[in-house]
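Colleague: To start, I am sharing the structure in question, which I have written as structure tokens.
The values are calculated or read from the model by the stated rules, or taken from the named source; none is laboratory data. Keep in mind it's a predicted model, so treat the numbers as computed, not measured. Cβ: placed from backbone, ideal geometry, glycine included. Neighbour counts: every protein chain shown. For accessibility, only protein heavy atoms count, side chains too; no ligands or nucleic acids. Shrake-Rupley method; radii C 1.70, N 1.55, O 1.52, S 1.80 Å.
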Amino acid sequence: MNNRIMLSHNNSVKIVGGINGSCFSARKTHNNAYLLKKMEISVAEAEKRTGKNAVNMQETYTVYLIETRPVDAASEGTNPALDSLWRRYSEFELLRNYLLVTYPFAVVPPLPEKRAEFVWHKLSADNMDPDFVERRRVGLENFLLRVASHPVLSSDKIFYLFLTEENGWKETVFETGFQAKADSRLKALNATFRVKNPDKRFAEMKHYGDELQSVISQLLRVRARAADRLYGVYKVHGNYGRVFSEWSAIEKEMGDGLQSAGHHMDAYAASVDDILEEEEHYADQLKEYLFYADALRYMCRKHELTQYELEMAVQDLTSKKQQQEELATGTIRTFSLKGMTSKLFGQETPEQREAKLKMLETQIEEGEEQVKERNAECDEFVKSAWVDIERFKEQKDHDLRESLISYAIMQISMCKKGIQVWNNAKECFNKM
């Protein structure tokens with residue numbers, strides 16, 4: 001269950017946690033506030049359960065065991081009992097939704113897929129399949145480790161309670177009122193198309209998120225097709241084994257050599273299952289950044305909405321000031337319902353105009369304060385978001401580089417094993 005922390009050649013920290021060692025990288029930091037420096041975290045196991053849902057219908061679902069232990073205890077040589085609790089995938093979703101709303105300027109780590117995507121034909125797409133559940137367990141642990149090493153998210157009280165309080169956690173989340181702060185999709189879409197002065201940096205980052213998702217999707221599709229072909233090639237080698245075995249039965253001098261060569265071919269054909277299982281691990285690492293692209297775009301859309309709200313506040317203030325000037329001078333600059341009403345029913349009395357001027361003066365003061373607040377909010381968002389984007393870029397570049405190098409090494413190793421099989425077969429043939 002220990003989170004092993006290893007310093008790599010490029011001054012990054014590789015954090016390996018959990019029973020099967022889910023792995024990701026975080027940049028070396030001296031910030032002792034990170035939760036991962038204080039607590040060991042793992043998702044130790046998954047368990048299938050059956051029970052009744054909210055509408056009193058029977059359902060089968062999976063729960064995941066989260067285990068935690070203070071780092072200080074381990075460093076002092078003591079071995080206290082692990083704190084543990086069970087969580088459903090839906091609770092992980094609730095936690096992430098809370099983090100997205102509460103920290104809109106952060107690139108919030110993604111959850112592993114709820115249902116298998118980009119699978120090759122021999123891989124089950126059933127979300128209750130044991131292999132899929134195990135990969136999701138590793139992905140959920142990775143999510144917790146990502147959040148626990150984030151410079152901002154790691155200090156969130158709700159996240160800490162998610163790890164340590166099994167009962168009452170949901171109620172505490174809902175009491176924060178985060179759902180009321182969540183923006184409607186229509187509102188966000190409206191901001192996307194109506195914002196007048198979008199920040200070029202965020203527009204480019206949003207486009208990059210689109211492109212990143214596109215290329216990783218293509219890469220995963222290519223990999224799934226290659227896995228199908230590779231599986232077929234390996235399994236066809238099993239036919240060599242069968243034929244050599246049958247041939248050996250009718251030969252006296254050559255029989256032993258042919259049978260030995262057949263055994264090597266059988267072993268080669270059987271090895272593909274382990275190879276593709278290892279490949280699936282690398283595919284999951286790519287999928288994480290496929291989903292990170294969504295998180296990046298979400299942040300950019302949130303900035304658009306912040307910018308749009310600022311522009312609307314400025315527009316409203318400008319309109320109020322124009323109304324004030326028109327009332328004070330009695331001049332209507334543009335066509336308006338008010339101007340038509342004045343022509344039809346006569347001008348307002350001085351008292352009415354004075355009351356409206358006072359009301360507008362109050363509204364202008366409130367509008368100026370709102371514009372000031374919106375400006376400050378927008379500036380703070382940009383500042384905080386760009387810090388996290390830079391952190392994310394560094395993490396992404398490191399992680400994807402390491403994953404691709406490891407994948408290439410695995411492919412080289414696989415090819416060497418294939419060469420070795422045929423070298424072994426050649427020795428068998430030489431001895432005939």
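Colleague: Quick check on the range 217-236. Is at least one of its residues in contact with a Ser or Thr (Cβ under 9 Å, 6 or more places away or on another chain) and either open to solvent by less than 50 Å² (accessible area, probe 1.4 Å) or outside any helix (DSSP H, G or I) (or both)?
Modeller: Looking for residues that are in contact with a Ser or Thr (Cβ under 9 Å, 6 or more places away or on another chain) and either open to solvent by less than 50 Å² (accessible area, probe 1.4 Å) or outside any helix (DSSP H, G or I) (or both), one finds at least one in the range 217-236, hence yes.
Colleague: Out of everything in the range 126-176 that is among the polar types (S, T, N, Q) and in a loop (DSSP other than H, G, I, E, B), what residue ends up being least open to solvent (accessible area, probe 1.4 Å)?
Modeller: So, considering only residues that are among the polar types (S, T, N, Q) and in a loop (DSSP other than H, G, I, E, B), the one least open to solvent (accessible area, probe 1.4 Å) is Ser149.
Colleague: Tell me the strands (runs of 3 or more DSSP E) entirely within the range 19-93 that contain at least 2 residues that are of a type in the set (Gly, Ala, Ser), at pLDDT 75 or above and open to solvent by less than 50 Å² (accessible area, probe 1.4 Å).
Modeller: 39-52
Colleague: Also, quick follow-up: Given Leu305, Leu286, Leu258, which one is touching a helix residue (DSSP H, G or I) at 6+ places or on another chain (Cβ under 6 Å) and at pLDDT below 90? Walk me through it before giving the result.
Modeller: Numbers: Leu286 fails: at pLDDT below 90; Leu258 fails: at pLDDT below 90.
Going through Leu305, Leu286, Leu258 in turn, the sole match is Leu305.
Colleague: Let me ask something else about it. Look through Lys358, Lys393, Lys383 and report the one residue that is over 30 Å from Ser260 (Cα atoms), of a type outside the set (Gly, Ala, Ser) and surrounded by 13 or more Cβ atoms within 10 Å (Cβ to Cβ).
Modeller: Answer to the check: Lys393.
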